[in-house]
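Comments concern the structure below.
The values are calculated or read from the model by the stated rules, or taken from the named source; none is laboratory data. Keep in mind it's a predicted model, so treat the numbers as computed, not measured. When we count neighbours, we look across all protein chains shown, and the Cβ atoms used for this are built from the backbone with ideal geometry, even at glycine. Please note that ligands, DNA and RNA were not included when accessible areas were found on the heavy atoms of the full protein model with its side chains. Shrake-Rupley method; radii C 1.70, N 1.55, O 1.52, S 1.80 Å.
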Amino acid sequence: MKVAQITEFSIDGITINEIEKPKIKDNQVLIRVKSASLNYLDLLVVKGIFNDQLRLPHIPVTDVSGIITEVGKDVKHFKIDDHVIPTFIPLWKKGIPTLQQLSWELRPSLGPQGFLAEYIAVDETDLVLKPEKLSFAEASTLPIAALSAWNGIKFLNLFAGNTVLIYGSGGVATFATLFAKANGYKVYVAGKNDTTLEKMLTIGADQVFNISNTNWKKDILDATQGKGVDGIYDSIGGENLNNSLDLIAVRGKITTVGLINGFSIPLNTGTFLLKQAHLIGVECGSEEDMKEMIQAITINAIQPVISAVFPFSETKRAFEHLDNGGHFGKVVIEF
Ligand SMILES: NC(=O)c1ccc[n+]([C@@H]2O[C@H](COP(=O)([O-])OP(=O)(O)OC[C@H]3O[C@@H](n4cnc5c(N)ncnc54)[C@H](OP(=O)(O)O)[C@@H]3O)[C@@H](O)[C@H]2O)c1
């Protein structure tokens, strides 16, 4: 079978190779992968920024959807021809996780081999059923991007009519906008690119702000009559958290998932105290969260936003498309 492998840490170091099809254990299923979607995290893995000690060659990517073609003899809950999606944090089933359940080393692609392959073997405990109304391409966008947006919006704990600020127009930002609108929030989006900001208006954003305009923060504060926004989903993180503190209302909540603007920063603690802000980290979600989100996607007929679809043979181009920025929604690879 064909797989994409990192042979050296860079996008150019991704090659398509032929390896033996995996053999399943008794508690596993074999999945014929139909679609994969790329996350910002996959860029960090491919470039060796996430973990330069990964043993190469290494198969990247965690988010896929596909069809079960074989089941192990102890598998009870899935059957051949089921359409499925593997979860991203296999040990975290529900509730508050332990640190051990969250460990990076046990997640596909981050420690073990990832899923950018024609066939993958997955424990039956680490799967959910694909929502019927979504295509394989759309379903492959759910495990990381959609789920971190789902929990990031949920933990803001807002009411219909409250204001929320979302950054960018990539994978998580488009999902966050769709979920926030389904809850009846007023959505502001701050981004870098007028073309993709215009597109955010087409999926429900109420007002957009370009951060290259020196007045962008004043414009957002003016839109809230000086009060600040009720909740902020900050998928940029790093230094941008200080912008979020400037923009949050007193006692507002900021959920953060991002590492784009740095891993470690001096936080403006004076503003943090003055605003009495709540800063909440979000790490994707559990299997229970995933099922809850899929139910909401189905009930609200939410359509994931896909920027571009590449054939598997053009995997490198798909990574370059994500790396270049300027995309609107998710980048997908089809087998
Ligand atoms: N903790 C978690 O569970 C979790 C899960 C998913 C994602 N994340 C994190 O969330 C972040 C976004 O992920 P993603 O997959 O959505 O990435 P993505 O598709 O590459 O989107 C990033 C978006 O941010 C925009 N952007 C970059 N810098 C900005 C800034 N200073 N202000 C406003 N917008 C800015 C980009 O604009 P351009 O395209 O114009 O450059 C792009 O629209 C990453 O840091 C990722 O690691 C965390």
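Summarised in one figure, the compactness ratio Rg/Rh of segment 138-200, Cα atoms and Kirkwood Rh, is 0.96. Does segment 253-335 come out rounded, prolate or oblate, given a ≥ b ≥ c as the square roots of the eigenvalues of its C-alpha gyration tensor, rounded meaning a/c under 1.5 and, failing that, prolate meaning a/b above b/c? Oblate, because a/c is 1.5 or more while a/b does not exceed b/c. Taking every C-alpha pair closer than 8 Å and separated by at least 6 residues, the mean separation divided by the residue count of the chain gives a relative contact order of 18 percent. Each eigenvalue of the Cα gyration tensor of the chain, multiplied by 5 and square-rooted, gives one semi-axis; in descending order these are 35, 21, 19 Å. Taking every C-alpha pair closer than 8 Å and separated by at least 6 residues, the mean separation divided by the residue count of segment 113-206 gives a relative contact order of 23 percent.
Structure remark: mean-square fluctuation, Gaussian network model of the chain, C-alpha springs under 10 Å; the largest value among GLU138, GLU287, GLU239 belongs to GLU239. Cα centroids of segment 20-35 and segment 266-335: 26 Å apart. Taken about its Cα centre, segment 156-227 carries a charge dipole of about 140 debye when Lys and Arg each add +1 at the Cβ and Asp and Glu each add -1 at the Cβ.
In debye to the nearest 20, how big a dipole does segment 156-281 give about its Cα centre with +1 on each Lys and Arg Cβ and -1 on each Asp and Glu Cβ? Could the numbers behind the result be given before it?
Values: 10 positive and 9 negative charges, 49 e Å.
Magnitude of the dipole: close to 240 debye.
With viscosity 1.002 mPa s and temperature 20 °C, the Kirkwood radius over alpha carbon pairs of segment 10-143 converts through Stokes-Einstein to a diffusion coefficient of 139 µm²/s. The translational diffusion coefficient of segment 156-281, from Stokes-Einstein at 37 °C and 0.692 mPa s with a Kirkwood hydrodynamic radius over alpha carbon pairs, comes to 230 µm²/s. Using a probe of 1.4 Å on the protein chains alone, the accessible area found for ASP246 is around 60 Å². Each part gets one Cα centre, and for segment 180-199 versus segment 89-117 those centres are 31 Å apart.
Measuring against 22 Å, Cα to Cα, the residue pairs LYS181/LYS291; LYS47/LYS253; LYS47/LYS154; LYS79/LYS130; LYS192/LYS218; LYS23/LYS73 contain LYS47/LYS253; LYS47/LYS154 as the ones spanning a longer distance. Ordered by solvent-accessible area of protein heavy atoms (1.4 Å probe), largest first, the residues PHE272, PHE155 come out as PHE155, PHE272.
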